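Chemist: One structure, as structure tokens, below. Some questions next.
The values are calculated or read from the model by the stated rules, or taken from the named source; none is laboratory data. This one's a predicted model, so the numbers in the text were calculated from it and none came from an experiment. Note that each Cβ is placed from the backbone with ideal geometry, even for glycine, and that neighbours are counted across all protein chains shown.
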Amino acid sequence: MNILHKLARRRRAWLVLVVGLLVSACVPIRLEAKWPSVSLIGPEKNIMVAYHDRLVLVDRRDGTPVKLRNADGEVRLDEQGNPRVWEFVTTDGGQPSQFYSAPVLTENNQLLVATNHNKLFRIDLPTARPASTAGTDLPGAVLADPVLAGSRLLVGLAESDLVALEGQSFSTEAWRIETQRGVWSDPLLLDDVLYFGTIDHHLIAVNASTGAELWRLNLEGAVVGQPAFRDGHLYVGSLARKLFDISLDGRILAEYNTEDWVWASPALVDGVLYAADLSGTVYALSVNSGGFRELWRAKPAGDSIAGRPLVWNEYVIVGSRDRNVYWLNRNNGTTFFFRTVADEVLSDLVLIEPDEIVDIPEAYVIVSTVAHGELLVAFTAQNGERVWTYRR
């Protein structure tokens with residue numbers, strides 16, 4: 001119960017989700033403790049937002065919902081003559097299905113979408129039509145992003161275990177790795193080996209083809225973020241207030257103590273690991289010579305940083321629960337400037353690259369908040385000018 005009391009004091013509503021599954025894997029997920037999953041999908045690299053009961057595809061140029069088109073490229077209209085937009089909403093037994101993870105895009109242009117109501121939907125990307133309105137039953141709720149490995153879908157379950165599903169509708173279980181608590185960490189697939197973290201404090205390596213467990217390493221606290229990889233090393237944080245350097249054969253090579261829980265994945269750029277924690281502190285650590293060498297640490301935010309740092313040009317960009325997005329100096333961690341948004345920033349930031357063909361003149365940073373009035377905000381990456389806002 002010490003963990004429960006601590007969470008109640010320090011994490012507020014967005015970590016009610018953590019309380020349920022850290023203390024008891026049997027506690028239902030609180031639907032209101034939710035933030036959007038934001039990813040880029042398809043050859044057009046438009047923005048897929050998975051939030052609460054729906055998926056919406058948003059045009060990266062201007063923040064409007066993507067319009068559906070017929071085979072001739074003409075915009076499809078509804079009965080009232082309004083454009084049809086890319087949106088998928090479903091219910092299960094009269095209750096809205098809740099989307100917590102990003103869809104997986106297959107080679108035949110289908111999206112595989114898992115829900116926390118134990119369902120998997122296959123959706124045609126060009127038309128937004130599901131293969132089945134009922135979906136396929138999953139063996140559990142899903143928070144982490146699934147991974148497609150050949151013909152199998154590898155799915156971490158919110159309460160316990162990771163499973164490999166196969167068959168046309170992914171309804172057959174090929175293998176399972178048992179865990180005592182849930183898998184919230186997005187798995188990392190490298191050379192047919194899957195690496196993933198667990199709420200019961202472990203990082204696990206599995207042969208993705210056979211399901212054979214290669215090793216299981218205790219990291220002293222829950223592992224929620226996806227590991228970063230470079231030159232035979234895995235870098236990952238845990239709720240033990242630590243960052244770890246781990247070999248591919250499962251040995252801890254180095255540790256680094258942080259101020260608070262490391263929730264998000266670190267970013268690894270040019271031999272420097274950038275990480276953030278729930279105290280609002282950001283870290284830059286050199287990993288070029290083995291182990292960790294601190295280059296700088298800074299505390300720009302007045303509250304938690306739950307998303308992965310975004311490294312772009314001279315900036316390290318982070319969003320916080322204090323409703324601000326900070327542009328830090330990549331060399332020393334000082335704050336260049338910040339921008340305020342409508343509500344807490346809990347999701348990873350997304351970078352939109354310049355594209356002259358579709359009239360995106362410069363790089364954008366996509367920020368997601370928990371406010372329906374500012375579900376997505378696009379800022380210019382260079383100077384933080386607000387470009388567009390997507391409202392639900």
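Chemist: On the basis of being crowded, with 16+ Cβ neighbours inside 10 Å and touching a residue at least 12 places away in the same chain (Cβ under 8 Å), does L148 make the cut? Before the answer, list the steps.
Modeler: Numbers: crowded, with 16+ Cβ neighbours inside 10 Å: no; touching a residue at least 12 places away in the same chain (Cβ under 8 Å): yes.
No: the conditions fail for L148.
Chemist: Suppose we filter segment 341-383 for residues that are surrounded by fewer than 18 Cβ atoms within 10 Å (Cβ to Cβ) and part of a loop (DSSP other than H, G, I, E, B); how many remain?
Modeler: Residues in segment 341-383 being surrounded by fewer than 18 Cβ atoms within 10 Å (Cβ to Cβ) and part of a loop (DSSP other than H, G, I, E, B): 14 in total.
Chemist: For the condition outside the structural domain of D260 (by TED's automatic domain parsing), at pLDDT 95 or above and on the phi < 0 side of the Ramachandran plot, what is the one hit in G182, G211? Step through it out loud before you land on a result.
Modeler: Numbers: G211 fails: on the phi < 0 side of the Ramachandran plot.
When all the criteria are applied, what remains is G182.
Chemist: Further question: What is the number of the single condition among (1) within 16 Å of the chain's Cα centre (by Cα); (2) at pLDDT below 95 that D359 does not meet?
Modeler: (1)
Chemist: Do we have N82 as without any contact (Cβ under 8 Å) to a residue 12 or more places away in the chain, of a type in the set (S, T, N, Q) and over 30 Å from T380 (Cα atoms) here?
Modeler: yes
Chemist: Tally time: how many residues in segment 190-202 are over 15 Å from the mean Cα position of the chain (by Cα), more than 19 Å from T258 (Cα to Cα) and either in a strand (DSSP E or B) or aromatic (F, W, Y) (or both)?
Modeler: Total meeting the criteria: 4.
Chemist: Taking A102 as the residue in question, decide whether it is closer than 30 Å to A71 by Cβ and either modelled with pLDDT of 95 or more or more than 16 Å from the chain's Cα centre (by Cα) (or both). Can you show your working first?
Modeler: Numbers: closer than 30 Å to A71 by Cβ: yes; either modelled with pLDDT of 95 or more or more than 16 Å from the chain's Cα centre (by Cα) (or both): no.
In short, no.
Chemist: Also, I was wondering about something else. Hey, can you tell me all the residues within segment 214-229 that are assigned to a loop (DSSP other than H, G, I, E, B) and either surrounded by fewer than 16 Cβ atoms within 10 Å (Cβ to Cβ) or at positive phi (or both)? It would help to see each step written out before you state the result.
Modeler: Residues of segment 214-229 assigned to a loop (DSSP other than H, G, I, E, B): 219-227.
If the condition is that a residue be assigned to a loop (DSSP other than H, G, I, E, B) and either surrounded by fewer than 16 Cβ atoms within 10 Å (Cβ to Cβ) or at positive phi (or both), then E220 is the only one that fits.
Okay, residues lined up against (1) more than 20 Å from V104 (Cα to Cα); (2) of a type outside the set (V, I, T); (3) within 17 Å of the chain's Cα centre (by Cα):
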site: I204; (1), (2), (3): yes, no, no
site: V224; (1), (2), (3): no, no, yes
site: F229; (1), (2), (3): yes, yes, yes
site: I252; (1), (2), (3): yes, no, no
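Chemist: Let me ask something else. If I ask for residues that are surrounded by fewer than 19 Cβ atoms within 10 Å (Cβ to Cβ) and more than 18 Å from Y315 (Cα to Cα), which ones from segment 250-273 would you list?
Modeler: G250, R251, I252, L253, A254, E255, N257, E259, D260
Chemist: Would you be able to say whether some residue in segment 167-179 is buried (at least 20 other Cβ atoms within 10 Å of the Cβ), of a type in the set (S, T, Y) and at pLDDT 95 or above?
Modeler: As a first pass, look at segment 167-179 and keep what is buried (at least 20 other Cβ atoms within 10 Å of the Cβ): 170, 177, 179.
After this cut, where a residue has to be of a type in the set (S, T, Y) as well, the list is 179.
Among the residues that remain, those that are also at pLDDT 95 or above are: 179.
Within segment 167-179, one or more residues are buried (at least 20 other Cβ atoms within 10 Å of the Cβ), of a type in the set (S, T, Y) and at pLDDT 95 or above.
Chemist: A further question follows. Spot the failing condition for L295; the list is (1) assigned to a loop (DSSP other than H, G, I, E, B); (2) touching a residue at least 12 places away in the same chain (Cβ under 8 Å), and only one is missed.
Modeler: Exception for L295: condition (1).
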